[in-house]
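Read through the structure below, which is laid out as structure tokens, and then see the notes.
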Amino acid sequence: MADVNLLLFGVALIIFFGFMAEFIFKKIGVPDILLLVMLGFLLGPNVWNTVDPAVLETIAPLFTTFALMFLMFEGSTHIDLGSFARGLFSGSSISIFNFTISSLALTTILALVFSFEFMTALLIGFVLSGVSSAFVIPVLKQLKPRGDIYTMLTLESALTDVYTIVFALTVLQIIKINAVSFQAVLNQIASLFAIACFVGFIGAMIWIFLDSNVFRGSKGFMSTIAFLILLFLLTEYLGGNGAIASMFFGIFLKNSKQLTSILSWVKTKNEKEKKLALEGRLGVTVISEGEERFFAQISFFLKTFFFVYIGFLLNVSNWWAILIGVVLAVVILFIRKSSILLTKKLNKGEQDLINAVFARGLAAAAVIQIVMQSGVLTDPLILDITYITIVSTIILSSAMILIHKIRYKDVSSAESASEE
């Protein structure tokens, strides 16, 4: 019983710390995610050793999967269809560009500078080339950039999470069977997105129908989460990506009023009703403000414990892993600046924000765990390098975001003063 009480006490402290870290970010600009990682490091085996790492290993796959699914869903409920359409091309372009440049650079450095075997270097390069949606979405919600930038960066993180999973696990299969099929990789990516988009859209239409015709606005908030989990599992069963399906499901639910207005316009023959439908007055809003606040609290809970978990896993006893991880993180920082080639039309503040958001996280941590569990690669150095790189990019990205926030605040203050 004492152990249970101690565990509950620890959970309460972590949640309260997460709240205070978020408050500090809003007030002085120090990213809460960085503080959460630091707390995890203190709680981990390097300092206080509060929990046996073997205990966490049993629940880690469930936790990371649910966190990725829900953070993608909750983050997408802040995207309207107009911003999504405008940001789709830029988000896709920047995701492909940055993922390709990062994977090539990291693989080259690991193979040539640190003498890793090429396939191992390629695997690590793919694992560490995706921007973390678990980092990006909470930061964007607090910084509140304009809709197009929010959509572009959210889509980039969502897409690169998929690229990380697909390409890294493909390389793992190549190492297993010693055969390469680029056509199979491209087919797999196309299949993942097509199935995810289809299931997300159909699932949203079903849920909108149930909400407006069966539940009539009286559904419980948890029922949406239960339906989301079922869609995630269905997508994975059909061979798609559940996280991307979660994103599309969230986008379509967020824009349910516009979608149902379009359907009403198509169905009705009455000119007056057609006009009302075009104005969006016949649409149905599925996600209420109360439900949005509820989802935001769950997102806060997951984000808090995920980044504490990342800090907990950090191993600082291997200096070689620390050197490699820090070098890779610095390379990622400089590679990110090449995004300016695709963002020339944006203003300086938006370019700086895009350059500042590059931390690695959930997808990388989840994939490297799958790799190690496969038994194909068993060297713990690979695991240590991945976690150190993740934490190092979180530190560097957090510092860049803090600098951006200070600059933006100064510019805003100057503009306000000049207007007066």
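The values are calculated or read from the model by the stated rules, or taken from the named source; none is laboratory data. Everything numeric here is computed off the predicted structure, so don't read it as measured data. As a convention, Cβ positions derive from the backbone with ideal geometry for all residues, glycine included, and neighbour counts pool all protein chains shown.
Just to be sure before I move on: is V316 more than 30 Å from W48 (Cβ to Cβ), over 23 Å from the mean Cα position of the chain (by Cα) and not in a helix (DSSP H, G or I) in the structure I sent?
Taking the combined requirement at face value, the residue does not satisfy it.
Between a residue in region 113-129 that is more than 13 Å from V166 (Cβ to Cβ) and among the charged types (D, E, K, R) and any residue that is buried (at least 16 other Cβ atoms within 10 Å of the Cβ) and modelled with pLDDT of 95 or more, which pairs come within a Cβ distance under 8 Å, given they are 6 or more apart or on different chains?
E117/A111
Can you name the condition, by its number, that A359 falls short on among (1) out of contact with any Asp or Glu (no Cβ under 8 Å at 6 or more places or on another chain); (2) at pLDDT 90 or above; (3) part of a helix (DSSP H, G or I)?
A359 satisfies all of (1) out of contact with any Asp or Glu (no Cβ under 8 Å at 6 or more places or on another chain); (2) at pLDDT 90 or above; (3) part of a helix (DSSP H, G or I) except (3).
For residues that are surrounded by 20 or more Cβ atoms within 10 Å (Cβ to Cβ) and either in a helix (DSSP H, G or I) or at pLDDT below 80 (or both), tally how many sit in region 26-38.
Count: 6.
Just name the residue that is nearest to F25 (Cα to Cα) out of those in region 124-152 that are in a helix (DSSP H, G or I) and under 10 Å from the mean Cα position of the chain (by Cα).
Selected residue: P138.
Out of the residues in region 42-72 that are at pLDDT 80 or above and part of a loop (DSSP other than H, G, I, E, B), which is surrounded by the most Cβ atoms within 10 Å (Cβ to Cβ)?
Among those residues, the one meeting the criterion is G44.
Tell me, which residue of region 247-260 that is crowded, with 19+ Cβ neighbours inside 10 Å and of a type in the set (S, T, N, Q) is modelled with the lowest pLDDT?
The residue in question is T260.
So which of A366, A321 ends up being more than 17 Å from the chain's Cα centre (by Cα), crowded, with 18+ Cβ neighbours inside 10 Å, touching a residue at least 40 places away in the same chain (Cβ under 8 Å) and in a helix (DSSP H, G or I)?
Just a single option satisfies the conditions, and that option is A321.
Residues to consider are I206, I165, I195, I244; find the one that is surrounded by fewer than 17 Cβ atoms within 10 Å (Cβ to Cβ) and assigned to a helix (DSSP H, G or I).
So the residue among I206, I165, I195, I244 that is surrounded by fewer than 17 Cβ atoms within 10 Å (Cβ to Cβ) and assigned to a helix (DSSP H, G or I) is I206.
Any residue in region 202-219 that is under 21 Å from L238 (Cβ atoms) sitting within a Cβ distance under 6 Å of a residue that is part of a helix (DSSP H, G or I) and at pLDDT 90 or above? List the pairs, counting only those 6 or more apart or interchain.
Once the first residue is under 21 Å from L238 (Cβ atoms) and sits in region 202-219, its partners that are part of a helix (DSSP H, G or I) and at pLDDT 90 or above give G203/L231; G203/F249; A204/F249; A204/F252; A204/L253; W207/F227.
Given the conditions (1) of a type in the set (V, I, T); (2) part of a helix (DSSP H, G or I); (3) within 22 Å of T100 (Cβ to Cβ); (4) touching a helix residue (DSSP H, G or I) at 6+ places or on another chain (Cβ under 7 Å), which single one is not true for I388?
Against the list (1) of a type in the set (V, I, T); (2) part of a helix (DSSP H, G or I); (3) within 22 Å of T100 (Cβ to Cβ); (4) touching a helix residue (DSSP H, G or I) at 6+ places or on another chain (Cβ under 7 Å), I388 comes up short only on (3).
Would a scan of region 152-163 turn up a residue that is of a type in the set (S, T, N, Q) and farther than 27 Å from L34 by Cβ?
no
Starting from residues that are surrounded by fewer than 17 Cβ atoms within 10 Å (Cβ to Cβ) and in contact with a helix residue (DSSP H, G or I) (Cβ under 8 Å, 6 or more places away or on another chain), keep the ones in region 81-95 and report whichever is nearest to F294 (Cα to Cα).
L81
Please specify each residue of region 338-348 satisfying the condition of being surrounded by fewer than 15 Cβ atoms within 10 Å (Cβ to Cβ) and either assigned to a helix (DSSP H, G or I) or among the small types (G, A, S) (or both).
S338, I340, L341, K348
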